[in-house]
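The values are calculated or read from the model by the stated rules, or taken from the named source; none is laboratory data. Note that this is a predicted model, so its numbers are computed, not measured. Backbone-built Cβ (ideal geometry, glycine too); neighbour counts: all protein chains shown. Heavy atoms of the whole protein, side chains included, go into the accessibility calculation; ligands, DNA and RNA do not. Shrake-Rupley method; radii C 1.70, N 1.55, O 1.52, S 1.80 Å.
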Amino acid sequence: RQITQEKDSHAACLLDTKGPEIRTAMLKDHAPIKLEKGQEIIVEAVGDAYTSFEGYKNETETRIGLSYGRLCSSVKAGNRILVADGSVVIEVVEILNERELKGRVMNSKELGERKNCNLP
C-alpha cells in the first residue's frame, strides 16, 4: 500500500478460492468397496445426506452416493466421473432419474469414504 501511494498507482490482487467439493458418501460398516473393471454401479446424488447415506456392494448391486445433489442434471451418458484423484473412473451409462444414474467402472480399485470427485 505504501508503494502504491508513493507512486500514485494501483496494485491488483488475484485470489483463487476453492469451490465446493464433491465427495463420496459413507459406506456400510465404513468398509471399502472393491470395484471391478466393467461392473455396473448405481451412483446416487445424496447431497448433504452424504454423511448419513451408506453405500454398499452385495451379490446383485453396487451403490455409492455422491455429495453433489445436481449430479444427474450435470452429466449425460458417455461422461466420466473421476473419483479419488482419478484412481477410479466411472463412465455414465444411463441417467435413471433425477437422483440416480447407472455407471460402468472403468478400472479395478478399492473405494473408500469421503473421496474427492471430479466431473470433467
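Assorted remarks:
- Count of the range 50-86 residues, restricted to those that are part of a helix (DSSP H, G or I), open to solvent by 40 Å² or more (accessible area, probe 1.4 Å) and within 16 Å of residue 21 (Cα to Cα), is 3.
- In summary, residue 18 fulfils each of the numbered conditions (1) among the basic types (Lys, Arg); (2) surrounded by 10 or more Cβ atoms within 10 Å (Cβ to Cβ); (3) at pLDDT below 95 with the single exception of condition (2).
- Check on residue 110, without any contact (Cβ under 8 Å) to a residue 40 or more places away in the chain, assigned to a strand (DSSP E or B) and open to solvent by 60 Å² or more (accessible area, probe 1.4 Å): no
- Options 55, 65, 69, 38; residue that is more than 16 Å from the chain's Cα centre (by Cα) and touching a residue at least 24 places away in the same chain (Cβ under 8 Å): 38
- Among the candidates 100, 91, residue that is open to solvent by less than 60 Å² (accessible area, probe 1.4 Å), touching a Lys or Arg at 6+ places or on another chain (Cβ under 8 Å) and charged (D, E, K, R): 91
- Verdict on residue 23 being assigned to a strand (DSSP E or B), open to solvent by 40 Å² or more (accessible area, probe 1.4 Å) and closer than 18 Å to residue 109 by Cα: yes
- Test: residue 7 is over 21 Å from residue 120 (Cβ atoms) and either touching a helix residue (DSSP H, G or I) at 6+ places or on another chain (Cβ under 7 Å) or open to solvent by 100 Å² or more (accessible area, probe 1.4 Å) (or both): yes
- When 4, 24 are checked against the criterion of being touching a residue at least 24 places away in the same chain (Cβ under 8 Å) and β-branched (Val, Ile, Thr), 24 stands alone in meeting it.
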